[in-house]
Number of protein chains: 2
Amino acid sequence: MNARTNGAGTGNGLASRVSGQVHVIGAGLLGASVGLGLRAHGVDVTLEDVSPTTALLAADYGAGRPRTSDDPAPALVVVATPPDVTADVVARALATFPEAVVTDTASVKLAPFLELRRRGVDLTNYVGSHPMAGRERGGAIMARADLFTARPWIICRDEETPAGALALVEAVALELGATPLEMTPQEHDRAVGLVSHLPQVVSSLLAARLLPGSEQAIALAGQGLRDTTRIAASDPELWVQILGANREPVVEGLEALQADLAVFTEALREPDSPGARRRIADLLADGVRGVQRIPGKHGGTERFVTITVLIDDRPGQLGALLTELGELGINMEDLRLEHSPGAQVGFAEIGVLPEMAERAIADLTERGWRTL
Amino acid sequence: MNARTNGAGTGNGLASRVSGQVHVIGAGLLGASVGLGLRAHGVDVTLEDVSPTTALLAADYGAGRPRTSDDPAPALVVVATPPDVTADVVARALATFPEAVVTDTASVKLAPFLELRRRGVDLTNYVGSHPMAGRERGGAIMARADLFTARPWIICRDEETPAGALALVEAVALELGATPLEMTPQEHDRAVGLVSHLPQVVSSLLAARLLPGSEQAIALAGQGLRDTTRIAASDPELWVQILGANREPVVEGLEALQADLAVFTEALREPDSPGARRRIADLLADGVRGVQRIPGKHGGTERFVTITVLIDDRPGQLGALLTELGELGINMEDLRLEHSPGAQVGFAEIGVLPEMAERAIADLTERGWRTL
């Protein structure tokens, strides 16, 4: 088995688990990627978008074709619009195609569900879902059939959701190579509020503190600052929508953070007040334990030994190192590059299995590489 | 020129820029690395530590030798102790070796300096410094002669610091391959407060919020959460010392963050109050601009095109990809691995020069790799 040929359930030529026509509403990155992925499995996909140009562009990329009046009713409708119009478009789809199962891809799940209930929409045929995939840039032009491969695809069932509707949405997730996971809308929103939305806000607010910083200070930025602020570069407009639609869990997380931050700041301001140093140390230790909860590769706890190799930071050097690693039969489990400000030297941090480490260092040293 | 043979100023056989004996006090990671690096250039290094065992261990690793009563007075004393005893040890070194230049490696600079002044110590021969290098694990056993290669080495001069003393510390920094940068103690502490200490606290407090999270939520953790919380795994005891010794800039940064966090949380809690959405969007946009201030490689603004390649997440696959990249002559400028929860498939994100991207994708695809 090889990722180059078998992939994760997206191999062409397999019989599709999805039968009947699929209609996609919203032909941006997610909608067009669903279309491309299903068409690669021989599914007939039709497309629409509030912008006819966007729909035609996605069709040109092979994500599907416009619906015609001769088309049969779709078996499944996938609503892939921005979160603030999701409920609206789902309600319309349920009314237009009363026999179809309707799902959506919005990154918040409770708000659209409550809005649909408030309107008295019959939700028997609705199954909310959230494929946890994306790219930094959006649009049909960035769409890929492989976008969902190996990503979690959260499926939110209602008590009254018919088994057939649930099975159809799960089949689509599997067909696209994703890992379906069932949760309630509340569980979903609380989970992504903690592991995605709260870190986004924290990263943005930290990065915002760099604006008034001196050039001299910013020039000393290292990998720690780069890592903590990377996601702060995301699109503010999309995040205003997402955070607004998941206010309760995010506000709750921010309030808990505010409380911790107040305790920490006060203790650091008055370190000689009783227990102040202890409170600082306790919060830092809580952070260590919090990080330890994040699963490693495949949810396991396996750990690799990191070997740091010094490389000239110019084209060819990294390639030379990697080629030699291949020749030496050293399997890298992880690799990370680090560059130093003002220097033409970089570091490649290579993760290897513990039992490989000693030989790897010996072999690399013998070939003239400097390891740290 | 090749990193394997030329390095960044650490090539053996070059005449050392440091003349006279160097005495290192504190034989942990930094002290032992200074000793190893200088001895590699033929400098005579003597060692002491509050723990005689630690000093002997560092000597066994080749970082220097114990001082004897026959030794001449050192030309330079390097104090590499934890920050809370730095002033004490520097004062003692200045008294014991009145002809020597004394420097230190503490990651805070103003507090030790003020403490020395408070004691009325003559600081003519003292030059504070901070090599911005370290490893996640400490101790002489982790020491490396290359630890400082291509890292910034901040040197804090006083108005009255003699040129000769400054030149000697700069020579040591250069000898060890570092990039010396001059700052005042205030400038240094403010800079590292912003780019190192504030991110540390923020990352720790965010990671601490994971403790009460459900297993279900933590299982959805993605690369964004991993990146924002990576440095939260650092040693709490060391950070209690560092933060305590740099209270003013860190408290100031935390207060500004508290103010932003309060505005953000209140706006999200009451999104329909006047201007609330605007305040959320403005803070997120400030974060985008803040990230853009962080210099890229070598402080330049060069950008690479990222190609994502799907790989089977098992030993050998990544090696195979990297070997083929070498064969294809594709120079990677950056590389990052990403793993997906619950999946046996990973992604290698490869940064290449823009003019290389099209050919790289074509070549990889032709060889059967799937690129996103």
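Please treat every number below as a calculation from the coordinates, not as lab data. Keep in mind that this is a model prediction, so the values were computed, not measured. Methodologically, a virtual Cβ is constructed for each residue, glycine included, from the backbone with ideal geometry; neighbour enumeration extends over all protein chains shown.
Things to note:
- HN-Hα J in Hz across region B:30-40 - Karplus 6.51, -1.76, 1.60, θ = phi - 60°, x for Gly and Pro: 6, x, 5, 5, 4, x, 4, x, 6, 5, 4
- Taking θ as phi - 60° and the Karplus parameters 6.51, -1.76 and 1.60, the scalar couplings of region B:219-224 work out to 5, 8, 3, x, 4, x Hz in sequence order, x denoting glycine and proline.
- Burial order of peptide ranges A:123-129, A:255-261 (average beta-carbon count within 10 Å, highest first): A:123-129, A:255-261
- Cα gyration tensor shape for chain B, rounded if a/c is under 1.5, else prolate or oblate: oblate
- A Förster radius of 22 Å combined with the Cβ-Cβ distance from A:Glu182 to B:Ser214 puts the calculated FRET efficiency at roughly 0.90.
- Each label was represented as a point 7 Å from its Cα along the Cα-to-Cβ direction; for B:Gln258 and B:Arg278 these points are 2.8 nm apart.
- When you restrict to C-alpha pairs under 8 Å that are six or more residues apart and normalise by the size of chain A, the relative contact order lands at 12 percent.
- Rounded if a/c under 1.5, otherwise prolate or oblate - region A:190-292, Cα gyration tensor axes: oblate
- With a 10 Å cut-off around each Cβ of A:231-244, the average count of Cβ atoms from other chains is 5.
- For the residues of A:256-262, the average number of beta carbons from a partner chain within 10 Å of their own beta carbon is 5.
- Expected 222 nm ellipticity per residue - DSSP helices of 4 or more, -39500 (n - 2.57), all of chain B, to 500: -13000 deg cm²/dmol
- Scanning residues 5 or more positions from A:Met332 or on other chains, those with amide H under 5 Å from its amide H are B:Gly316, B:Gly319, with H placed 1.01 Å from N in the peptide plane.
- For the options A:Ala233, A:Ala267, A:Ala59, a Gaussian network treatment of chain A with springs between C-alpha atoms closer than 10 Å singles out A:Ala267 as fluctuating the most.
- Average other protein chain Cβ within 10 Å of Cβ, residues A:268-276: 3
- Under 5 Å, built H, 5+ apart or other chain: amide partners of B:Leu181: B:Trp153, B:Ile154, B:Ile155
- By the equivalent-ellipsoid construction on the alpha carbon gyration tensor, region A:117-231 comes out with semi-axes of 38, 18, 12 Å, ordered largest to smallest.
- Calculated on the alpha-carbon coordinates, the convex hull of the protein assembly as shown measures out at 164 cubic angstrom per residue.
- Amide hydrogen neighbours beyond the local backbone of B:Thr46, cut-off 5 Å, H modeled: B:Val22, B:His23, B:Val24, B:Arg65
- Rounded to the nearest Hz, the phi-derived 3J(HN,Hα) couplings of region A:203-214 under the Karplus curve 6.51 cos²θ - 1.76 cosθ + 1.60 (θ = phi - 60°) are 5, 5, 5, 5, 4, 4, 5, 6, 4, x, x, 6, where x marks glycine and proline.
- Relative to the other identical copies, B:Ala95 shows label-point distances of 8.7 nm, where the label point lies 7 Å from Cα along the Cβ direction and values run shortest first.
- Taking the inverse of the mean 1/r over every pair of distinct Cα atoms in region B:28-121 gives a Kirkwood hydrodynamic radius of 13.9 Å.
- Using Cβ point charges alone (K and R +1, D and E -1), the dipole size of chain B about the Cα centre works out to roughly 220 debye.
- Each 10 Å bin from zero holds the following percent of Cα-Cα pairs in region B:22-183: 12, 45, 37, 7.
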